[in-house]
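The values are calculated or read from the model by the stated rules, or taken from the named source; none is laboratory data. Just so it is clear, the structure is predicted and the values come from calculations on it, not from any experiment. The protein model used for the area step is the full one, side chains on, heavy atoms only, and it has no ligands, DNA or RNA in it. Shrake-Rupley method; radii C 1.70, N 1.55, O 1.52, S 1.80 Å.
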Amino acid sequence: MKRIIIGMTCILIIMLGLTFRSIPFIGDFLWAVLIFFLFSFVFLHVPRLYKLWIPLLFCYVIEFSQLYHAPWINMLREDAFLQLILGHGFFGVSDLVAYTLAIVISYIVSGLIKQRWESKPQDNIIEI
């Protein structure tokens, strides 16, 4: 059930990301949120702190890899799909801030949702 919900969340984020990718900060923010939820989808049962640090590290590595301009990787970046993953230019601090905010907010929100789901059913009953 969790994977289905995370998968549907990823699809929604992809649609939002493709819609708003031309807006620099929003596109980067949504890309990092997607990375967080894709990692959570694939590695459902890893410790929660891994879900914070590994997607953040992945985003940073992809961003800094944009400083590398070997012909083979530039050729990969010409593909529309791979350009969405690898990016096309290092824009510095604003991208790193977007990634950090997106991952941290996703981590907090997913923790709140997890806490709510794992609460005992009697805690959710409203007495009249």
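For the reader, a short list of remarks on this structure follows.
- The accessible surface of the chain, taken with every protein chain in place and a 1.4 Å probe, is 75 percent carbon and sulfur.
- Helix axis angle, 48-65 relative to the chain longest principal axis, alpha carbon, degrees: 10 degrees
- Per residue, the accessible area of the stretch 1-96 comes to 65 Å² when a 1.4 Å probe rolls over the protein heavy atoms.
- Estimated at 0.36 nm per residue, the fully extended path between Phe20 and His45 surpasses their Cα-Cα distance by 5.9 nm.
- Accessible surface ranking for Ile35, Ile113, 1.4 angstrom probe, highest first: Ile113, Ile35.
- Overall, the ratio between the Cα radius of gyration of the chain and 2.2 N^0.38 Å, rounded to two decimals, is 1.22.
- Among Pro55, Pro71, Pro24, residue whose mean-square fluctuation peaks in a GNM of the chain (springs only between Cα atoms under 10 Å): Pro71
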